[in-house]
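First the structure, in the form of structure tokens, and then the observations on it.
The values are calculated or read from the model by the stated rules, or taken from the named source; none is laboratory data. As the structure is a prediction and not an experimental result, all values here were calculated from the model. Positions of Cβ are generated from backbone atoms using ideal geometry, with glycine treated the same way; all protein chains shown enter the neighbour counts.
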Amino acid sequence: MSVSDPTTPARPAASSERRPITVLFADIAGSTAIAERMDPEDWTVLVGEAFKRMNSTITSGTHRFVSALVESVDVGMLELKGKSDSVHAYEITGLRADAVKSRGLLGVRAPMIGRDQQLAKLEEVFSIVRAGQGRVACVLGEPGLGKSRLLAELHASLRRSGAPVRWIDGRCLSYGETVPYHLVVDVVRSLIGVNVAADEGHVAQALETQLRDLLGDTWAENYAYLAHLLSLPLAPEMRARISSIEMEAIKRYVASLVNVLRAMSARGPVVLVCDDVHWADSASVDVLLTVEAGLAALPVLLILSSRVERASAGWRLIAGARDVFGDALTEIRLEPLSLEDSRTLVSNLLHIESLPVEIRELILAKAEGNPFFVEEVIRMLMDRGAIVQQGDRWVATERVATIEIPDTIHGLLLARIDKLPRESKRTLRVASVIGRQFGVTILERLLDTKTS
Ligand SMILES: Nc1ncnc2c1ncn2[C@@H]1O[C@H](COP(=O)(O)OP(=O)(O)O)[C@@H](O)[C@H]1O
Ligand SMILES: [Mg+2]
């Protein structure tokens, strides 16, 4: 298997590659023999790829876990092969638009605290872009400090201001370093407005419509390359256009992407986000480096978010931006929230007057200014019944005095997992093997394999 081999040219021509994946999938359901023989990284790649091509009926058991993430319709009771009882099934119809924002406390929303300056800086760069010049901004910081949140707030603020902006969102997967082109593919998907759950026909249609609209007569050539990048099946006359693509893949992908961005930005400013680039694969980085270098002349704001990991492939994008843009590069480093801001965050999350001072101080001390930690500590207090909801506010119970808050975020998560029922724990364990984002069908099949 050489799926994760960085020297593998381009992405596989779509149709020939689909069959082995399907075959492999039949095997996942039947036995784990192949999985045991394979390199875990290759396995991850294949499972990720295969998910996109699978149908999407899930049982009510799985539905409980994923209903916050997917749109689904109740399809009633289904007979399943090999199972004596029928099961209650749901058909997944798509990802929820807000699915990726799976962080945050359920039902509790706090305004963003203490990032006014950083937001203002990004708005300022956008105004330069709006006036016609390309810019790159980097948002750097530890996990949980609010990189993604800051970008979401920028998006909301631009929308509120009525600025005409095309917002394109590319996200890296936690296991993405070994998945060639996954970031660029995500960018192109966002560009044509389809999500990971969309089927091939839908993606092909969206790509064609978008390119015809943006590029007029020259749409077909660009379609051929971008469809190849997205692993869409190509009609023979389309395939003829890309006969030599294996050699030229990167150049062609770049050219097509730039053509589209140029046409799009001619109609109004574009914001192109690449989130979590410390997980980017190097093929995507190569493409985006070239795109980045040609950006200065277009009204495009490229925003890169990343942890400070200088050895990662994605860091080359940040180093490259420094080379190309010099002083015109905007770098925002997110630091932990001040104690005062953390305090405000806690009170915004929990309108609790009765929360004992010691508990409040304990939350603050454990969270160390990291908003994600703040949320996690509070979530734990909720889970343990130390604070309970009464009407629209939360009140502390006497249990609050007996709660021990683990010292680290890791400890917090482990404590939370420990409280789960056995079945859920098993689900989590299997899921953790697949990666941070995955298809429910995959998870379900892997779980079934283990039980049967
Ligand atoms: N400044 C802030 N004020 C309030 N909540 C915040 C702030 N920054 C982050 N959060 C919340 O903390 C959690 C983690 O933030 P996130 O943006 O996902 O971090 P990162 O992308 O840096 O890993 C999210 O639920 C987010 O809404
Ligand atoms: Mg993030």
Of the residues in segment 325-351, those that are at pLDDT below 80 and surrounded by fewer than 17 Cβ atoms within 10 Å (Cβ to Cβ) come to HIS351
Counting only residues in segment 270-307 that are within 13 Å of LEU140 (Cα to Cα) and in contact with a His (Cβ under 8 Å, 6 or more places away or on another chain), the one farthest from ligand 1 (Cβ to nearest atom) is identified as SER306
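For (1) more than 14 Å from the chain's Cα centre (by Cα); (2) among the acidic types (Asp, Glu); (3) not in a helix (DSSP H, G or I), each residue gets a yes or a no:
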site	(1), (2), (3)
ALA120	yes, no, no
GLY132	yes, no, yes
LEU145	yes, no, yes
GLU153	yes, yes, no
ALA156	yes, no, no
ARG159	yes, no, no
ASP169	no, yes, yes
LEU173	no, no, yes
PRO180	yes, no, yes
Of the residues in segment 146-199 that are without any contact (Cβ under 8 Å) to a residue 60 or more places away in the chain and charged (D, E, K, R), the one that is farthest from LEU288 (Cα to Cα) is ARG160
query: Is segment 126-133 home to any residue that is modelled with pLDDT of 95 or more, assigned by TED's automatic domain parsing to the domain that holds HIS278 and crowded, with 19+ Cβ neighbours inside 10 Å?
result: yes
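Among strands (runs of 3 or more DSSP E) lying entirely in segment 310-398, which contain 2 or more residues that are within 16 Å of ligand 1 (Cβ to nearest atom)?
On the way: elements: 330-333, 387-390, 393-396.
By residue number, 330-333.
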(1) in a helix (DSSP H, G or I); (2) at pLDDT below 90; (3) not aromatic (Phe, Trp, Tyr) all hold for LEU234 apart from (1)
Restricted to segment 250-295 and to residues being in contact with a Ser or Thr (Cβ under 7 Å, 6 or more places away or on another chain) and assigned to a helix (DSSP H, G or I), the residue farthest from ligand 2 (Cβ to nearest atom) is VAL254
Expected single match for closer than 29 Å to VAL129 by Cα, in the same structural domain as ASN259 (by TED's automatic domain parsing) and more than 27 Å from the chain's Cα centre (by Cα) among ALA321, ALA328 is ALA328
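For segment 399-409, give me each residue that is assigned to a helix (DSSP H, G or I) and modelled with pLDDT under 75.
Going through segment 399-409, the residues assigned to a helix (DSSP H, G or I) turn out to be 399-402, 409.
Listed by number, the list holds a single entry, ILE409.
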Counted residues in segment 137-155 being away from ligand 1 (no atom under 11 Å from the Cβ) and more than 16 Å from PRO269 (Cβ to Cβ) come to 1
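When you look at GLY391, is it buried (at least 16 other Cβ atoms within 10 Å of the Cβ) and either on the phi > 0 side of the Ramachandran plot or at pLDDT below 75 (or both), yes or no? Steps first, please.
Values: buried (at least 16 other Cβ atoms within 10 Å of the Cβ): no; either on the phi > 0 side of the Ramachandran plot or at pLDDT below 75 (or both): yes.
Against the criterion (buried (at least 16 other Cβ atoms within 10 Å of the Cβ) and either on the phi > 0 side of the Ramachandran plot or at pLDDT below 75 (or both)), GLY391 does not qualify.
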